[in-house]
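Participant: There's a structure below that I have some questions on.
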Amino acid sequence: MAIIEVEDVARTFTVRRKVGRLKRERSEVRAVDGLSFEVAAGEMVGYIGPNGAGKSTTIKMLTGILVPSEGRLRVAGADPSRERVRLARRIGVVFGQRTTLWWDLPLRDSYELARRIYRIEDARYRRNLDRCIDLLELGPLLDVPVRQLSLGQRMRGDIAAALLHDPEVLYLDEPTIGLDVVSKNRVREFLAEINAESGTTVLLTTHDLTDIERLCSRVMVIDHGRVVYDGGLEGLHNVGGSERTLVVDLAAPEPDPISIPGARVVRMEGPRQWLAFPATDSAAPLVAAIAARYPLVDLSVKEPAIEDVIARMYGGGTTEGERSLEGSVAGA
Ligand SMILES: Nc1ncnc2c1ncn2[C@@H]1O[C@H](COP(=O)(O)OP(=O)(O)O)[C@@H](O)[C@H]1O
Ligand SMILES: [Mg+2]
């Protein structure tokens, strides 16, 4: 049964640009443009796409913050913008770039406020809060003012706040942005657990394909305000023939590129080498082959950038995103 229904939805914004010194020109941006999809209750769906594709606009319409210009939206049978208050009890939302917590208050106080706003019954509040404290390791943070928390701590705090009232649907807009690997993993494990235990429907926007790989059996790719792919992550990689990158640190610089079947060196820098291999292949045999022949010290696997995967879907060689991916790998 579909808990989220989106049918031919469009949303336009009127923007005024300065032209010359005094003149302003009005123009229309179609942020979402003929969007249709359904999400079944209990599904965990990745919602990805390049910057400006319309992802946040979609989530704002699904929460009722924004009214669609055209089309029809239903969440748990309700129209989000018309029945916003009623729906608020059934949905939770986390915007990675903005906190819903009270900046100057200890985390605990924000939760107490949520308890009153949503009129969460005592036993349920305790149970949900305890679960969040336990799984997100919030115990030592409860009495710390939010402004003193690190980004990863704050994000965990935000996610807990969105779940205290047991929403059926959880929207997450870039919840792992800017987080370190440890925090990312903690957030991922928590979301997997919530989805499995409570059957919470999750719509997850992210720039990190590892989030999708770990959590979502289904991924929707949105570009220019419409769905351009809907299916498994593996299928998406297959469509574009996208590649993952194995970043290998050797004990000492090798004069030559590492030579193993199934991967090719795309970059070398001192003792570090970057090997590209098909995203649908397992990294394990490559790692074993390298470790058998080279003095391997450390390694990591990088998912392709979403921009690359999408560019490849449309058919194309090296893209802008690919170059910037290399830049970010170099800095890693
Ligand atoms: N309030 C707004 N006013 C004008 N333009 C907007 C507004 N919100 C979003 N847009 C534009 O709509 C497009 C989609 O934005 P957004 O949904 O934030 O994309 P994404 O989250 O996928 O990066 C972008 O071109 C953005 O500049
Ligand atoms: Mg966004």
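Please treat every number below as a calculation from the coordinates, not as lab data. Every value quoted in this text rests on a predicted model; they were computed, and no experiment measured them. So basically every Cβ, Gly included, is an ideal-geometry build from the backbone, and we count neighbours across all protein chains shown.
Participant: Note the full-extension length gain between W102 and S69 as 0.36 nm times their separation in residues minus their Cα-Cα distance, in nm to one decimal. Kindly include the intermediate steps, with their values, before the conclusion.
Facilitator: Details: separation 33, 0.36 × 33 = 11.88 nm, distance 3.22 nm.
Going from the current span to full extension adds 8.7 nm.
Participant: Taking the highest mean first, how do the peptides 40-47, 23-30 order by number of other beta carbon atoms within 10 angstrom per residue?
Facilitator: Those peptides, ordered most packed to least, come out 40-47, 23-30.
Participant: Based on DSSP H assignment, which helices of the chain show an axial Cα extent of at least 24 Å together with a mean Kyte-Doolittle hydropathy greater than or equal to -0.5? Walk me through the numbers on the way to the answer.
Facilitator: Values: long enough: 181-198 (25 Å, -0.26).
Helices meeting the criterion: 181-198.
Participant: Give me, ordered by chain and number, the residues 5 or more places off V266 or on other chains with an amide H under 5 Å from its own placed amide H.
Facilitator: W274, L275, A276
Participant: Quick query: amide H of R244 versus all other amide H atoms, modeled in the peptide plane; which residues come in under 5 Å with a sequence gap of 5 or more or a different chain?
Facilitator: The list, which skips near neighbours in sequence, is F277, A279.
Participant: Which FRET efficiency value, to the nearest 0.05, do you get for R86 and R21 by plugging their Cβ-Cβ distance into 1/(1 + (r/R0)^6) with R0 = 45 Å?
Facilitator: Between R86 and R21 the formula returns 0.35.
Participant: Using the Cα centre as the reference, give the magnitude of the dipole from point charges on the C-beta atoms of the chain (Lys, Arg: +1; Asp, Glu: -1; all else neutral), rounded to the nearest 20 debye.
Facilitator: Here the size comes out at about 1480 debye.
Participant: Can you list the HN-Hα couplings for region 136-149, worked out from phi with the Karplus curve (6.51, -1.76, 1.60; θ = phi - 60°), rounded to whole Hz and with x for Gly and Pro?
Facilitator: Result, ordered by residue: 9, 6, 9, x, x, 9, 4, 9, 8, x, 3, 5, 8, 7 Hz.
Participant: Taking H as built 1.01 Å from N, whose amide H comes closer than 5 Å to the amide H of G71, not counting residues under 5 places away?
Facilitator: Answer set, sorted by chain and number: A10.
Participant: Place a +1 charge on the Cβ of each Lys and Arg in region 151-237 and a -1 charge on the Cβ of each Asp and Glu, then give the dipole magnitude about the Cα centre in debye, rounded to the nearest 20.
Facilitator: That gives region 151-237 a dipole magnitude of about 140 debye.
Participant: Taking the Cα centre of region 36-180 as origin, work out the dipole magnitude from +1 charges on Lys and Arg Cβ and -1 charges on Asp and Glu Cβ, in debye rounded to 20.
Facilitator: Around 440 debye, computed over region 36-180.
Participant: Going 7 Å from the Cα of S36 along its beta-carbon direction, which residues of region 218-233 have the amide nitrogen within less than 12 Å of the resulting point?
Facilitator: 227
Participant: Which residue, chosen from A76, M268, T206, occupies the Cα position most advanced towards the positive end of the dipole of the chain, where the dipole is computed from +1 (Lys, Arg) and -1 (Asp, Glu) charges on Cβ about the Cα centre?
Facilitator: Checked the options; the winner is A76.
Participant: Can you bin region 36-100 into rounded, prolate or oblate? Criterion: square roots of the alpha carbon gyration tensor eigenvalues sorted a ≥ b ≥ c, rounded for a/c under 1.5, prolate for a/b above b/c, oblate for the rest.
Facilitator: Rounded, because the longest to shortest axis ratio a/c is under 1.5.
Participant: Okay, next question. What ratio of Cα Rg to 2.2 N^0.38 Å holds for the chain?
Facilitator: Dividing the Cα radius of gyration by 2.2 N^0.38 Å gives 1.11.
Participant: Dipole of region 126-204 (Lys/Arg Cβ +1, Asp/Glu Cβ -1, origin at the Cα centre): which of L138, A161, N185 lies farthest to the positive side?
Facilitator: The residue sitting farthest along the positive end of the dipole is L138.
Participant: Which GluC sites (Glu not before Pro) from region 153-214 combine a DSSP loop assignment with at most 10 other Cβ atoms within 10 Å?
Facilitator: none
Participant: Then there's this: Give the shape of region 217-305 as rounded, prolate or oblate, defined through the alpha-carbon gyration tensor: a ≥ b ≥ c are the square roots of its eigenvalues, a/c under 1.5 means rounded, and otherwise the shape is prolate if a/b is larger than b/c and oblate if not.
Facilitator: Verdict is prolate for region 217-305.
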